[in-house]
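In what follows, a single structure is set out as structure tokens and then discussed.
Please treat every number below as a calculation from the coordinates, not as lab data. Keep in mind that this is a model prediction, so the values were computed, not measured. So basically every Cβ, Gly included, is an ideal-geometry build from the backbone, and we count neighbours across all protein chains shown.
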Amino acid sequence: MKKDSKIVIFGGNGLLGSAVKRVLAEQDFENIKSPRSSEIDLLEKDETENYLKVEQPGYIFMTAGLVGGILGNKTRPADFLYQNSMMILNLLEGVRKFSPKSKILYTGSTCIYPKESPQPINEDRFMSGKLEETNKGYAVAKGMGIVACQSYRRQYGLDAICAMPTNMYGLNDNYDLENGHMIPSLIKKFLVAKGDGNNVSLWGSGNPRREALYSEDCADAMVYLMDNYSSEKIVNIGTGFDYSIREFANIIKGEIGGKYEIEWIFSKPGGTFEKRTDIDRLKGIYPEFNPRGLREGIRVILNNKRELERILGN
Ligand SMILES: NC(=O)c1ccc[n+]([C@@H]2O[C@H](COP(=O)([O-])OP(=O)(O)OC[C@H]3O[C@@H](n4cnc5c(N)ncnc54)[C@H](OP(=O)(O)O)[C@@H]3O)[C@@H](O)[C@H]2O)c1
């Protein structure tokens with residue numbers, strides 16, 4: 001990528017897209033566009049195609065999607081399936097017709113992998129077993145996006161590559177307790193408890209293990225892949241290390257401070273026991289990739305005044 005290459009980020013206002021924007025800006029890329037969904041709705045085929053026809057971007061980061069936690073996925077499986085499928089299909093079809101030289105980086109997710117996968121999960125597990133029931137619609141759409149990128153690459157020669165990030169957290173996250181992910185929920189619950197002194201209840205035993213990637217570390221790997229990788233083989237982006245949910249809670253509580261206790265509600269479900277990604281392929285492409293640890297990532301969030309206002313304001 002040249003510093004003046006035209007780069008479009010779809011989803012540039014979200015957790016990951018905004019991190020891609022910051023990483024590109026830090027690396028002095030100067031021609032970045034990130035239309036909001038209100039300007040370019042990727043569910044609208046004509047709108048998407050007209051935009052690509054006019055803009056002819058050199059590079060497209062596809063970080064747009066309908067994203068949510070367990071509740072959202074459970075109650076709106078059709079929306080997650082439909083929207084995540086149509087956005088990538090409209091984009092690929094638009095690029096094929098009107099901007100075939102654009103390179104696309106599609107963001108999938110590690111939820112494409114089967115529920116019962118040997119740990120750490122490598123890329124070959126894709127389509128090798130049954131998916132987690134709660135977010136099946138989302139996972140199938142994300143997996144379809146991969147096959148779509150591979151198919152447009154094979155048939156039409158589009159330079160579409162696919163990255164599979166693990167669970168992420170960072171600035172611009174979704175702190176809605178009903179619909180957010182684990183880390184933003186923990187941050188919000190502990191900040192509120194620090195204020196009111198009430199104990200915090202968490203579901204499960206706290207023993208399941210999870211991985212967590214700071215959004216800008218993911219973005220850093222994505223920018224590197226965009227510049228240095230071209231293949232139909234999907235690439236995991238993770239940290240390679242995990243923590244138990246109890247460790248997550250204790251580390252985050254330790255960073256936030258306050259006088260309150262954590263109560264574990266053992267009768268509630270705790271989810272898949274372990275989920276950790278194999279990042280050997282990424283390290284083979286980008287040996288310097290060095291994602292930060294949880295404490296460091298949490299400190300960035302807690303030291304950001306605007307983010308604290310967002311967390312406590314919604
Ligand atoms: N968060 C995670 O832990 C995680 C983990 C693995 C993979 N991923 C993947 O990473 C990508 C980004 O996730 P995220 O957490 O950054 O999501 P996010 O914060 O919810 O952001 C999603 C973005 O998608 C845009 N969008 C939604 N519908 C759109 C439409 N119809 N047309 C155009 N843009 C639309 C939104 O734009 P507006 O704000 O302008 O409406 C929003 O900025 C997704 O593909 C997700 O599947 C996320």
Problem set entry | Backbone HN-Hα couplings from phi across the stretch 281-294 [Karplus 6.51/-1.76/1.60, Hz, Gly and Pro as x] | 5, 4, 5, x, 8, 10, x, 7, 4, 9, x, 6, x, 4
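Please give me the summed charge of the neighbours of K3: other residues whose Cβ is under 10 Å from its Cβ, Lys and Arg +1, Asp and Glu -1.
-2
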Problem set entry | Two-decimal log10 I(q)/I(0) for the stretch 134-270, as the Debye equation yields it once each C-alpha is a single scatterer, q = 0.21 Å⁻¹ | -1.31
For this session: Give, as a single signed number, the net charge of other residues whose beta carbon lies under 12 Å from the beta carbon of A148, with Lys and Arg counted +1 and Asp and Glu -1.
Result: +2
Exercise. Ratio of Rg to Rh for the chain, alpha carbon only, Kirkwood?
Worked result: 0.96
Exercise. Rounded to the nearest 5, what % of the DSSP beta bridges within the stretch 7-313 are antiparallel ones?
Worked result: 5 percent
Exercise. Label points 7 Å out from Cα along the Cβ direction at L308 and E44: separation in nm?
Worked result: 4.0 nm
For this session: Mind jotting down the distance between the C-alpha centroids of the stretch 151-166 and the stretch 206-273, whole Å?
Result: 26 Å
Problem set entry | 5 angstrom amide H check on I9, placed H, neighbours 5+ away | K33, S34, F61
Seminar exercise, completed: Sequence order, the stretch 298-304: Karplus ³J(HN,Hα) from phi using 6.51 cos²θ - 1.76 cosθ + 1.60, θ = phi - 60°, Hz rounded, Gly and Pro as x, gives 5, 5, 4, 5, 5, 8, 9
Exercise. Roughly how many nanometres apart are two label points built 7 Å out from the Cα toward the Cβ at V54 and E26?
Worked result: 3.2 nm
Seminar exercise, completed: Scalar couplings 3J(HN,Hα) for the stretch 55-72 by Karplus 6.51 cos²θ - 1.76 cosθ + 1.60 (θ = phi - 60°), nearest whole Hz, x for Gly and Pro, are 7, 6, x, x, 9, 10, 8, 9, 10, 6, x, 9, 10, x, x, 4, 5, x
Exercise. Which pairs break 24 Å Cα to Cα here: K136/K283; K6/K97; K6/K53; K142/K233; K97/K136?
Worked result: K136/K283; K97/K136
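Can you tell me the order of 163-170, 198-205, 143-150, 246-253 when each peptide is scored by its average per-residue count of other Cβ atoms within 10 angstrom, highest first?
Those peptides, ordered most packed to least, come out 163-170, 143-150, 246-253, 198-205.
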